[in-house]
Amino acid sequence: MNRRTRVAIGQASTHLGLAVLALVFAVPFVWMFLSSFKPALEIIRIPPTFWPEKPSFENYETIFTRLKFARYFLNSLIVSASITVIAIFTSSLAGFVFTKFKFPGKELLFVLFIAGLMIPFAIIVLPMYLLVSRMGLQNTFLGLILPLCISPFGIFLMRQFMEGIPMAMVEAARIDGASNLWTYFRVMVPLSKAGMGGVGVFTFLWTWNQLWWPLIIISKADMRTVPLGIAALAFQHAKRYDMIVTGAALAVIPVMIVFAFAQRGVIKGVTLTGLKT
């Protein structure tokens, strides 16, 4: 067996293994989507069924007309989109400062930001709640958005990405009389779109699936986000497995759409992160 044949067999084995692994991960999602078209009794039937016997959109009609799920979707879109946009701006601006400026304590400050990655969210959620409650921002969009606008991971990613942008380009802009903000918006941002896209996707996915913070800061039903609405279904309609499965299927759709459209940008941004000239 020659070398080319061995390489071909190795690649085929790798692709086959990845395909099997992808199938294993995909089966639960497929079952969830198919179960959203089943009545509750069919979902809990033993032995279970994979394909719905009589597919119906009744679950979707019920969850949107009776359970205010459209309102939950709107709340999640507002919160996730706002946090994503602000986090992209703050992370890229911090990355610009940490890579293209020199000032005392820069490395220490960066380490403090990165330390946020090592602190579990459950530890800081109580101080965050006390701060937001004293500001009177409970049950408001500002209360949901403001505490999550700074992303330690985003700052780390953008700093590593911007390290690959030559300092000569920034110095050329300064020689021409450009201000720091002009240099940021006209030089750094256009060259950092891939990294900013990666930060945006990761931030959106994390924010969309966030349960801890909305659970603590929100008490009004009209302000619930999608994960909080699904959790409420589990508690308030414990026997309505059809509603829980349908809500979970709806919650996954935006995540899949965002990742499908931004997949190449995320891969490019993460791949180029850390490359230096």
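Here the spin labels are modelled as points 7 Å beyond Cα on the Cα-Cβ line, and at residue 260 and residue 149 they lie 3.3 nm apart. Computed from the C-beta positions of residue 77 and residue 4, the FRET efficiency with R₀ = 45 Å rounds to 0.30. Taking 0.36 nm per residue of separation and subtracting the Cα-Cα distance, full extension of the segment from residue 114 to residue 70 would add 12.2 nm.
Ligands, DNA and RNA left out, the accessible area of the chain computed with a 1.4 Å probe is 71% carbon and sulfur. Only Cα pairs under 8 Å and 6+ residues apart enter the sum, and on that basis the relative contact order of the chain stands at 30 percent.
Kindly list the residues of region 54-89 that lie in the label zone of residue 41, defined by a backbone N under 15 Å from the point 7 Å along the Cα-to-C-beta vector. The answer is 54-55. Among 251-258, 228-235, sorting by the average number of other beta carbon atoms lying within 10 angstrom of each residue, highest first, gives 228-235, 251-258. Which whole number in µm²/s is D for the chain by Stokes-Einstein, with the Kirkwood Rh taken over Cα pairs at 10 °C and 1.306 mPa s? Calculated translational D: 72 µm²/s. The Kirkwood radius of region 130-190, taken over pairs of alpha-carbon atoms, gives through the Stokes-Einstein law at 37 °C and 0.692 mPa s a diffusion coefficient of 227 µm² s⁻¹. Length gained on full extension, residue 126 to residue 222: 32.3 nm, using 0.36 nm per residue less the C-alpha separation. In summary, region 18-129 shows an alpha-carbon radius of gyration equal to 1.75 times the 2.2 N^0.38 Å reference for compact globular proteins. First check a/c for region 70-195, with a ≥ b ≥ c the square roots of the eigenvalues of its C-alpha gyration tensor; if it is under 1.5, answer rounded, and if not, answer prolate when a/b is larger than b/c or oblate otherwise. In terms of gyration-tensor shape, prolate.
In this structure the chain gives 59 Å² per residue of accessible area when probed at 1.4 Å with all protein chains present. Shown here is the pair-distance distribution of region 172-216: with all Cα-Cα distances grouped in 10 Å bins from zero up to the longest one, the shares run 24, 29, 21, 18, 8, 0 percent. With the simple model of a label 7 Å out from the Cα in the direction of the Cβ, residue 57 to residue 181 spans 4.9 nm.
Take the Cα of residue 140, step 7 Å toward its Cβ, do the same at residue 171, and the gap between the two points is 4.7 nm. For region 94-160, the Kirkwood hydrodynamic radius from C-alpha pairs, put into Stokes-Einstein at 37 °C and a viscosity of 0.692 mPa s, yields a diffusion coefficient of 242 µm² per second.
Of all alpha-carbon pairs in region 17-69, indicate the percentage at a distance above 13 angstrom. Result for the distance tail: 64 percent.
The values are calculated or read from the model by the stated rules, or taken from the named source; none is laboratory data. In this text, all values refer to a predicted model and were calculated from it rather than measured experimentally. All Cβ positions, even for glycine, are placed from backbone atoms using ideal geometry, and neighbour counts span all protein chains on display. Protein only, heavy atoms only, side chains kept; ligands, DNA and RNA dropped before computing areas. Shrake-Rupley method; radii C 1.70, N 1.55, O 1.52, S 1.80 Å.
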